[in-house]
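Asker: Questions regarding the structure given below will be posed in turn.
Every number here is computed from the coordinates shown, using simple stated rules; none is lab data. As the structure is a computational prediction, the values presented were derived from the model and not from experiment. Glycine gets a Cβ as well: all are built from the backbone with ideal geometry, and neighbour counts include every protein chain shown.
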Amino acid sequence: MKAVQSKKLFQAFSLFLFLFWPPFPSLAHREPPTREEEPQQPFLPIAQVKVLEVIDGNTIEVEYEGQREKVRYIGINTPETSHRKGGEYDGQEAKEANRKLVEGQTVWLEFDVKRRDHDGRLLAYIYLLDGTFVNAWLVEHGYMQVMTMPPNVTYQGLFLKLQRQAREARRGLWGKGPRGE
């Protein structure tokens, strides 16, 4: 009985969001995506969570369904910061940019086809409450590189476009050091 009630409540909430929730103002505060960049599925924020800790440039720890969970950002990769993994150039800069954006914030997680990686981390697109698409912002400002891992490819076109623009403008990791020279 409770499962049926929970399902009906979830369906009603989803319908409410679909009908009345205004779309987020932009993707990384840009014009709406072109036809080729549109998501393959309608956007529906699945979970609103509090960011407890920033692990690195593309991983955070959140409170999700009553548990601490690591969340790996979908579609992007950052230089490593861990000395155990041999810390890469610009890894600390990427972590700091991510920290300034999300640490202590309440954010929306949008899931794609596959919800967890081989390490058990949640996989998600991250949005600030003001609508900033964090994954896209980090790529646009040159802190991340695109890393597509099918089947989670909803924003692949957008990320590739933003990476090309960051590289051409020599922003972030594209503007200095080993990869930007």
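Asker: If you average 1/r across every pair of different Cα atoms in region 45-180 and take the reciprocal, what Kirkwood value do you get, in Å? Each step should come with its number before you reach the end.
Answerer: On the way: mean 1/r = 0.0673 Å⁻¹.
This gives a value of 14.9 Å.
Asker: For MET149 and LYS70 in one chain, what is 0.36 nm times their gap in residues minus the Cα-Cα distance, to one decimal in nm?
Answerer: On the way: separation 79, 0.36 × 79 = 28.44 nm, distance 1.79 nm.
Once the chain is fully extended between MET149 and LYS70, it gains 26.7 nm.
Asker: Sorting LEU160, LEU123, LEU138 on the 10 Å Cβ count, fewest up front, what's the list? Numbers along the way, then the final one.
Answerer: Numbers: LEU160 15, LEU123 19, LEU138 27.
Fewest-to-most ranking of LEU160, LEU123, LEU138: LEU160, LEU123, LEU138.
Asker: To make sure I understand, if each residue's beta carbon is the centre and we count other beta carbons within 10 Å, what order do TYR127, TYR155 fall in, fewest to most?
Answerer: Values: TYR127 22, TYR155 28.
Ordered from fewest to most neighbouring Cβ atoms within 10 Å, TYR127, TYR155 come out as TYR127, TYR155.
Asker: Once phi is turned into θ = phi - 60°, what whole-Hz ³J(HN,Hα) does the Karplus curve with 6.51, -1.76 and 1.60 give for every residue of region 111-124, x standing for Gly and Pro?
Answerer: 3J(HN,Hα) across region 111-124, in whole Hz: 8, 10, 4, 9, 8, 9, 9, 5, 8, x, 6, 5, 10, 7.
Asker: Next question. Once the convex hull of the C-alpha atoms of region 103-181 is built, how many Å³ does it hold per residue, rounded to a whole number?
Answerer: Per residue, the Cα convex hull of region 103-181 comes to 120 Å³.
Asker: Determine ³J(HN,Hα), in whole Hz, for all residues of region 147-152 in sequence, where each value follows from phi through the Karplus function 6.51 cos²θ - 1.76 cosθ + 1.60 and θ = phi - 60°; x replaces Gly and Pro.
Answerer: 9, 8, 10, x, x, 8
Asker: Okay, next question. Going highest first, how would you order 148-154, 166-172 by mean Cβ packing within 10 Å? Walk me through the numbers before you get to the answer.
Answerer: On the way: 148-154: 14.7, 166-172: 16.3.
Listed from highest to lowest mean packing, they are 166-172, 148-154.
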